[in-house]
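Quick notes on the structure that follows.
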Amino acid sequence: MKLKLLNTDRKNRKSIDKTAPQRSRRGRNLLVFLAFVLLSAIFWLLQSLQQVYTSTYSIPVVYSELPPEIGATGKLPDRLDVVLKDKGMNLLAYSIDGFSPVTVTATEQEIRRKKDMSMRKKELTELIQKQLLSSTTILSISPEEIQVTFYPRKKKTVPIILNGTVTPKNGFYAFDPELSPEVVTVYGSEEVLSGITSVETEAFSLDRLDSDFSGEMAINPIEKVLIRPTSVKMKIRVEQLTEQTFELPIITKNVPEGYLLRPLPGKVSIQLTMPTSHYKEISEADLQVAVFHPSTPDSLKSDISLPVQLIMKPEWLKLYKISPAHVQFIIERVQLNQP
């Protein structure tokens, strides 16, 4: 039994050794075939690219900036569709490299000298031909003409309104934003400008500020209106908060003649929360608190208290606390001196 198995294995090995060279020859033949196919495709492509074809390309159009006092209307395309004729190789290069924009320019003297300007097919062809090879032919351009009509714009100056929120981090104070510039000039027809009293910045939200902020904000565009400048620089100063307390006498207001209003107590404590830079800039002389004489009969009842109001303070002071916030009061009749 062992001898038979050994003989069988030898036969199998001989069989395998015979088929291996056949598969190797087939693989080489396949590689040679694919190489010929690839070479044939390359030669065919090269021959094809030497033939003449036509192809359509889209070339961008840009217009030189006009003075803001001058507007323009008319057929103002942003692209020109151009049909070109040349060898396939050259057309392929145009497709890969693309085209530079065609620039339509007009000097200020030309604008003021004439109200209309037009570029006909001949002029457009000359501009496009500068980017083409000498062998390339322009078959067609669409549109064939660019027509522009100039008109004078009115102008006015309007303020900038911030369209956003500024929130400092707890323990910090954010001063009012500073804009540069604070106004812009808008240009347009008299009818359109009559309804414009201000412009807005783009929407924004600045939260948890704990340091100074500086940035540039775009101005929201307005239809049929030119705005200059189109953006504004904004600065926000941020400082840490500190506290200061004063004791102030309460003064009375709106007391009828012949009466005396006595607040109880006659003084209150006011706690100010302010930026550190203002700590030494404020004193009791900058502050004044008051109560107002009751305006209705119900307000004269003994169980009614009067609110204490801060009637004088620096403009920048926004955070304060009065204690007590309400006081009791006594109204007395006084004898007027007879002449």
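No lab work stands behind these numbers, since they all come straight from the coordinates. Only a predicted model underlies this, so the values are computations on that prediction, with no experimental measurement involved. When we count neighbours, we look across all protein chains shown, and the Cβ atoms used for this are built from the backbone with ideal geometry, even at glycine.
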Item to check | Projected label distance in nm at residue 253 and residue 319, using a 7 Å step from Cα toward the beta-carbon | outcome: 2.5
Next on the checklist: Given R₀ = 41 Å, what would the calculated FRET efficiency be for residue 144 paired with residue 202, taking r from the Cβ atoms and rounding to 0.05?
Outcome noted: 0.55
Next on the checklist: Based on Cα coordinates alone, diagonalise the gyration tensor for segment 156-315, multiply each eigenvalue by 5, take square roots, and list the semi-axes in whole Å, largest first.
Outcome noted: 45, 24, 13
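How much length would be gained if the chain were fully extended between residue 130 and residue 52, taking 0.36 nm per residue of separation minus their Cα-Cα distance, in nm to one decimal? Mind showing how you got there, number by number?
On the way: separation 78, 0.36 × 78 = 28.08 nm, distance 2.07 nm.
Here the answer is 26.0 nm.
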Checklist entry - Listed here are the pairs 154/224; 75/155; 154/233; 280/321; 75/122; which of them are more than 21 Å apart at the Cα? => result 75/155; 154/233
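Note down the net charge around residue 58, summing +1 for each Lys or Arg and -1 for each Asp or Glu among other residues with Cβ under 13 Å from its Cβ.
Once all neighbours under 13 Å are counted, the net charge is -1.
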Checklist entry - Counting other Cβ atoms within 10 Å of each Cβ, which trypsin sites (Lys or Arg not before Pro) in segment 204-236 have at most 13 and sit in a DSSP loop? => result 224
Item to check | Net length gained if the chain between residue 79 and residue 137 were fully extended (0.36 nm per residue, minus Cα distance) | outcome: 19.0 nm
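Reported to two decimal places, what Rg/Rh ratio describes segment 165-255 when computed on Cα atoms with Rh from the Kirkwood expression? Before the final figure, lay out the partial values.
Working: Rg = 19.9 Å, Rh = 16.5 Å.
My calculation puts Rg/Rh at 1.21.
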Checklist outcome for this item: Per DSSP, the loop-located GluC sites (Glu not before Pro) within segment 237-337 having at most 14 other beta carbons within 10 Å are 257, 315
Checklist entry - For segment 219-296, what class follows from the C-alpha gyration tensor (a ≥ b ≥ c being the square roots of its eigenvalues): rounded when a/c is under 1.5, otherwise prolate if a/b is larger than b/c, else oblate? => result oblate
